[in-house]
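Participant: Have a look at this one before I ask anything.
The values are calculated or read from the model by the stated rules, or taken from the named source; none is laboratory data. Nothing here was measured: the structure is a model prediction, and the numbers come from that model. All Cβ positions, glycine included, derive from the backbone under ideal geometry; neighbour counts span all protein chains shown. Only protein heavy atoms, including side chains, enter the accessible area calculation; ligands, DNA and RNA are left aside. Shrake-Rupley method; radii C 1.70, N 1.55, O 1.52, S 1.80 Å.
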Amino acid sequence: CALPIYMFNFLKKDPMEKLNKKYTDLLAEVLQAQRSGDIEGYSRLSTEADGVLKQMEKLDSSKG
């Protein structure tokens, strides 16, 4: 008896949820780098967080 593939869609993680978690974690790291005076780390992490935010916006616009 073969089960339809769509029955297992509930097991898939929402990509937006994953990106949101990554973005939140990066923002926490950005704040920590800023507070500790790590300018290079702050810049690198800020750029990475911006890239994740752009991915989230792109995903959001493709859904709607």
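Participant: For N20, project a label point 7 Å along Cα to C-beta. Then give me every residue of region 27-64 with its amide nitrogen under 19 Å of that point.
Facilitator: 27-29, 49-64
Participant: Run the numbers for L31 and T47: contour at 0.36 nm per residue of separation, minus the present Cα-Cα distance, in nm.
Facilitator: 4.4 nm
Participant: Could I ask something else about it? On average, how much accessible surface per residue is there in region 10-64, in Å², for a 1.4 Å probe, leaving out ligands, DNA and RNA?
Facilitator: Per-residue accessible area for region 10-64 comes out at 81 Å².
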